[in-house]
Each structure stands twice: as C-alpha cells, then as structure tokens.
Amino acid sequence: MSRLRIFAEDDGSTALATYTSHAEITKALSAVGVRFEQWQATRAIAPGASQDEVIAAYRSDIDRLMRDEGYKTVDVISLTPDHPDRAALRQKFLSEHTHCEDEVRFFVAGSGQFTLHIQGKVYDVLCEQGDLIGVPDGTRHWFDMSESPHFVAIRLFNNPAGWVAEFTGDDIALKFPRMIPALPASSH
C-alpha cells in the first residue's frame with residue numbers, strides 16, 4: 001500500500017500526518033509541487049519482460065509526460081534482492097541530494113521510498129506498483145530501496161546522461177526511517 005508520512009524536519013520519530021489513499025497523497029504532494037499519479041498498463045507484462053515491452057505497456061502515459069514536460073529519454077531499471085551490488089547501489093542513493101532536472105520514477109513492480117526535504121518538513125513517500133512520482137529539480141531528497149530491493153521502474157530524463165546528483169552534505173537522512181523490505185509480489 002502506498003503511503004505518505006509527513007514529519008517536522010527536526011523529528012524523524014513522530015509523523016505529523018500519515019496518508020494511505022492515493023487522492024490524499026496526491027493532494028498533499030501537489031501542494032508542495034510534487035507529482036504523484038497512478039498508471040495502468042495497457043497490456044499484460046510478463047515477469048522478466050524486456051525494456052521495450054515494459055515501455056510499450058505504458059506508452060500513452062510516457063508520451064504524455066514527454067510531450068507536456070519535455071522529457072527526452074526513457075529507460076527501465078530493475079533490481080532484485082540477489083543483485084550482487086545491491087548494498088553499494090542502495091548506499092549511493094541514501095544521502096540527501098538534488099538534481100538539476102526532475103527525478104521521475106514509475107513503479108512497474110515492487111516498491112521504493114522517496115524522502116523529500118521541503119519547506120521545513122520531510123515527506124516520506126512509499127511508492128508501490130502503479131505509482132509515479134515526479135520530484136522537481138532542486139528538491140532535496142533521498143531514496144531507499146531497502147536491504148532487499150525489489151523493483152522495476154521506468155525513469156524519464158531531460159538529461160541524456162541520466163541520473164546525476166549533487167549531494168548536500170547534510171546528514172538529515174540518517175535521522176528518518178529507512179524502508180522496511182517488502183515481500184516480493186508474485187507477479188507484475
């Protein structure tokens with residue numbers, strides 16, 4: 001189940017608010033300029049589907065965002081609990097950072113936790129299958145995929161170089177909850 005928890009930036013122990021309905025999550029994130037949408041595949045996606053097959057299943061939504069927001073490239077990333085570099089990959093994303101372009105992720109399968117540091121608050125967003133999150137450029141944030149990552153995600157970029165981060169040097173991410181590993185879904 002998708003979830004948004006909002007914390008004061010100086011207290012990662014007690015959420016000020018928690019939302020689990022997509023409508024409430026969308027409204028709360030929209031108020032701070034963050035896109036949150038639900039997408040449905042236009043065709044079935046088999047486990048292990050190719051990047052082209054995954055993109056084809058969401059082509060109309062991808063094309064809409066590329067047209068409306070000017071994204072230039074799209075790809076698919078997948079990570080499983082048995083990936084040999086999962087710990088190093090997780091560590092790469094756990095520190096607060098920004099980007100000079102939007103960070104857009106759609107979860108085809110599995111889950112991931114985006115934590116956003118905006119206007120004195122911390123927005124902890126657990127994204128599940130079917131969720132799209134669009135973090136605006138310049139937004140301080142970090143990402144956790146848990147110790148046992150399981151996700152397939154579509155990524156959209158303005159920069160053909162892909163994911164480029166500017167780390168803030170702030171240790172705030174250490175003060176907020178990490179993602180608890182989810183049980184892998186039996187199918188997409």
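The values are calculated or read from the model by the stated rules, or taken from the named source; none is laboratory data. It should be emphasised that the depicted structure is a prediction, and the values quoted were computed from it without experimental measurement. Every residue, glycine among them, receives a Cβ derived from its backbone with ideal geometry; neighbour counts consider all protein chains shown.
Modelled with pLDDT under 95 and out of contact with any strand residue (DSSP E or B) (no Cβ under 9 Å at 6 or more places or on another chain): which single residue out of ALA56, ALA49, ALA87, ALA31 fits that description?
Details: ALA56 fails: modelled with pLDDT under 95; ALA49 fails: out of contact with any strand residue (DSSP E or B) (no Cβ under 9 Å at 6 or more places or on another chain); ALA31 fails: modelled with pLDDT under 95.
Of ALA56, ALA49, ALA87, ALA31, the one residue that is modelled with pLDDT under 95 and out of contact with any strand residue (DSSP E or B) (no Cβ under 9 Å at 6 or more places or on another chain) is ALA87.
Between THR80, THR73, THR20, the distinction of being at pLDDT 95 or above and out of contact with any helix residue (DSSP H, G or I) (no Cβ under 6 Å at 6 or more places or on another chain) belongs to THR20 only.
Where helices (runs of 4 or more DSSP H) fall wholly inside region 1-98, the ranges with 3 or more residues that are touching a residue at least 24 places away in the same chain (Cβ under 8 Å) and either in contact with a Gly (Cβ under 9 Å, 6 or more places away or on another chain) or crowded, with 17+ Cβ neighbours inside 10 Å (or both) are 22-30, 59-69, 86-93. Reported count of residues in region 99-134, each being modelled with pLDDT of 95 or more, over 19 Å from ALA23 (Cα atoms) and surrounded by fewer than 18 Cβ atoms within 10 Å (Cβ to Cβ), is 3. Among the residues of region 135-154, the ones that are modelled with pLDDT of 95 or more, surrounded by fewer than 21 Cβ atoms within 10 Å (Cβ to Cβ) and closer than 15 Å to TYR71 by Cβ come to 1 in all. Against the list (1) farther than 18 Å from ALA173 by Cβ; (2) not in a strand (DSSP E or B), the condition ALA109 fails is (2).
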